[in-house]
């Protein structure tokens with residue numbers, strides 16, 4: 001529901017924004033730093049621009065960036081998934097799951113390493129190696145035969 005409302009707001013920004021011209025490079029120094037009021041519901045910034053109008057137009061940029069990221073990530077992911085599924089059980093599947101998939105578990109290994117070395121609490125004790133801590137995760141996924 002929130003996503004649909006965001007998309008509608010972004011598409012209708014020029015219509016529903018109270019001051020559409022304030023989304024650009026306009027300056028109005030007489031109205032700078034005004035608090036929220038009936039004229040400016042969110043107040044104004046240091047250049048006298050309406051913050052509500054700029055927020056509404058900001059939805060457009062956010063949705064555009066989301067579309068770009070999804071376009072860059074979804075297509076390669078679908079292609080790799082289809083290839084791995086088609087060649088299931090072969091070396092291609094193993095390469096995709098254990099080779100490319102290791103990048104997704106890197107965060108888990110780093111957090112585990114930080115906790116083991118007490119870096120989370122700031123004491124900085126060094127008691128292990130990152131590769132030793134991650135070996136348990138590799139064995140769990142059946143990838144230990146490749147990454148030893």
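The residue of region 44-60 that is nearest to residue 7 (Cα to Cα), among those that are touching a strand residue (DSSP E or B) at 6+ places or on another chain (Cβ under 8 Å) and not in a helix (DSSP H, G or I), is 50. Of the set (1) surrounded by 12 or more Cβ atoms within 10 Å (Cβ to Cβ); (2) modelled with pLDDT of 70 or more; (3) not in a helix (DSSP H, G or I), all apply to residue 89 but (1).
Return a yes/no flag: does region 71-79 have any residue that is at pLDDT below 90 and surrounded by 15 or more Cβ atoms within 10 Å (Cβ to Cβ). No, that holds for no residue.
Step by step: first the residues of region 1-13, then only those that are surrounded by 12 or more Cβ atoms within 10 Å (Cβ to Cβ) and part of a helix (DSSP H, G or I), then the one that is farthest from the chain's Cα centre (by Cα). Which residue is that? Steps first, please.
The first filter runs over region 1-13 and keeps only residues surrounded by 12 or more Cβ atoms within 10 Å (Cβ to Cβ), leaving 6-13.
Imposing the further condition that a residue be part of a helix (DSSP H, G or I) reduces the set to 6-11, 13.
On the way: 6: 17, 7: 18, 8: 22, 9: 21, 10: 19, 11: 22, 13: 24 Å.
Going through the qualifying residues, I end up with 13.
Could you list, in sequence order, all residues of region 24-41 that are farther than 14 Å from residue 52 by Cβ and assigned to a helix (DSSP H, G or I)?
The first filter runs over region 24-41 and keeps only residues farther than 14 Å from residue 52 by Cβ, leaving 24-30, 32-33.
Those that are farther than 14 Å from residue 52 by Cβ and assigned to a helix (DSSP H, G or I): 29, 30.
Screening region 19-41 for residues that are closer than 22 Å to residue 64 by Cβ and in contact with a helix residue (DSSP H, G or I) (Cβ under 6 Å, 6 or more places away or on another chain) and picking the one that is surrounded by the most Cβ atoms within 10 Å (Cβ to Cβ) gives 22. With respect to residue 75, determine if the residue is free of Cβ contacts under 8 Å to residues at least 40 places away in the same chain, out of contact with any helix residue (DSSP H, G or I) (no Cβ under 6 Å at 6 or more places or on another chain) and either assigned to a helix (DSSP H, G or I) or under 30 Å from residue 96 (Cβ atoms) (or both). Considered against the rule, which asks whether it is free of Cβ contacts under 8 Å to residues at least 40 places away in the same chain, out of contact with any helix residue (DSSP H, G or I) (no Cβ under 6 Å at 6 or more places or on another chain) and either assigned to a helix (DSSP H, G or I) or under 30 Å from residue 96 (Cβ atoms) (or both), residue 75 comes out as yes.
The values are calculated or read from the model by the stated rules, or taken from the named source; none is laboratory data. Since we're looking at a predicted model, the values are computed, not measured. Every residue, glycine among them, receives a Cβ derived from its backbone with ideal geometry; neighbour counts consider all protein chains shown.
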